[in-house]
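J.: Okay, handing you the structure first.
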Amino acid sequence: MKKNKSEIVLLVGAVLFVLAGIFFLSKAQNVTTIVEIPYEEVSSVNYKVYLNDKTYYNKDFLEEGMQYISSIIDYVDMNFNYNAEFQGVESYTVNQTVTADVKITDSDDPNKIIYSKSEILKESNDVLNDLNIADNIKIDYGKYNAIVNEIKTKYAISAKAMLTISYRIAYSSPKDGLSKEKNITVEIPLSEQMININKPNATRVQDIYRGNDKDTFMSAIMTILMALMFIIAVILGVILVRKVRERINSESKYDRFIAKILREYDSYITEAKEENSLPYKDVIKVGSFKELLDVRNNIEKAIIYTKVDENTSKFQLIDEQIYEYLVTREEMDK
């Protein structure tokens, strides 16, 4: 019994140390610290409206800030500029995406969308030493205007339409704990006689970026604790295996046989604490427990088990005769 208890304690201890190791592993991967990085950020967008009919303007394009006759717009030439400097950051992983979104909505309720379509005009991924970015995008206004006019004419609907150009720049520096993005959007009305192009004003920001970075020192501590927990769990596991092997090896063939009989045929066997006097009857000795079990299956009576001493066990079945199977350690362990 003491041996079994020690094995249970070892098993529970090993499991607990494994769970502790898993806990410290998760902590090692998620320990963070707050980082503060001073930065300056400047962004702007500029455009020119190129014409397909220069009859009245006598020039190829119109400057921004005017009102434009939509039917003579060929394309809009846009320049997106973004500059940012983060103190101490030496390189950036940068993703740039420019999308064109066409949306037709109900004239009375702009939340009711009749038609929408999105198109990626440009996408790139780079590793840059600085964030000094300038992108030129030519917007084929005539193409998008024609799509909307066709839908409105074909289905004879009165609706509003808008072309939204979205410029998104997302960048990060994992070793510095930096992850940020900037979105610049320009709105151009479609299917209108006269249009105004809405663009954001240029911005300049000086601020402190606050983010999360991996705490390498605490992560190292957690990793050491994790390794220690797993090592202890392995040691306890090795000790447990050795103890189980020692117990199995220390049990004799006789002990294992008796334990197996009592476990597998528990419902057929009644265990007597000591030998009892039995009425005088003929005793029939059987040569195996299987033979005694065959008799029991025929007469359907309980088998009485008596532990005579540490080296002798007796199985008896009482009927008109007494059927008895006697097993000794000496005979079993030969």
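J.: I'm told residue 152 meets every condition in (1) within 30 Å of residue 114 (Cα to Cα); (2) under 32 Å from the mean Cα position of the chain (by Cα); (3) outside any strand (DSSP E or B); (4) not aliphatic (A, V, I, L, M) except one. Can you identify the failing condition by its number?
T.: (2)
J.: So, one more: Evaluate the following for residue 103: is it out of contact with any Ser or Thr (no Cβ under 7 Å at 6 or more places or on another chain), at negative phi, of a type in the set (Lys, Arg) and in the same structural domain as residue 179 (by TED's automatic domain parsing)?
T.: No: the conditions fail for residue 103.
J.: When only residues in the range 208-243 that are surrounded by fewer than 15 Cβ atoms within 10 Å (Cβ to Cβ) and touching an Asp or Glu at 6+ places or on another chain (Cβ under 8 Å) count, which is modelled with the highest pLDDT?
T.: Among residues in the range 208-243 that are surrounded by fewer than 15 Cβ atoms within 10 Å (Cβ to Cβ) and touching an Asp or Glu at 6+ places or on another chain (Cβ under 8 Å), the one modelled with the highest pLDDT is 208.
J.: Under the condition of being in a helix (DSSP H, G or I) and modelled with pLDDT under 85, which residue from the range 255-273 is surrounded by the most Cβ atoms within 10 Å (Cβ to Cβ)?
T.: 255
J.: Let me ask another. Look at the range 71-113 and say how many of its residues are over 32 Å from the mean Cα position of the chain (by Cα), of a type in the set (A, V, I, L, M, F, W, C) and surrounded by 13 or more Cβ atoms within 10 Å (Cβ to Cβ).
T.: Count: 9.
J.: Restricting the search to the range 39-91, which residues are in contact (Cβ under 8 Å) with a residue 40 or more places away in the chain and aromatic (Phe, Trp, Tyr)?
T.: If the condition is that a residue be in contact (Cβ under 8 Å) with a residue 40 or more places away in the chain and aromatic (Phe, Trp, Tyr), then 39, 47, 68, 75, 80, 82, 86 are the ones that fit.
The values are calculated or read from the model by the stated rules, or taken from the named source; none is laboratory data. None of the values given here were measured: they were computed from a predicted structure. Heads up, the Cβs are rebuilt from the backbone with ideal geometry, glycines too, and the neighbour counts pull from every protein chain shown.
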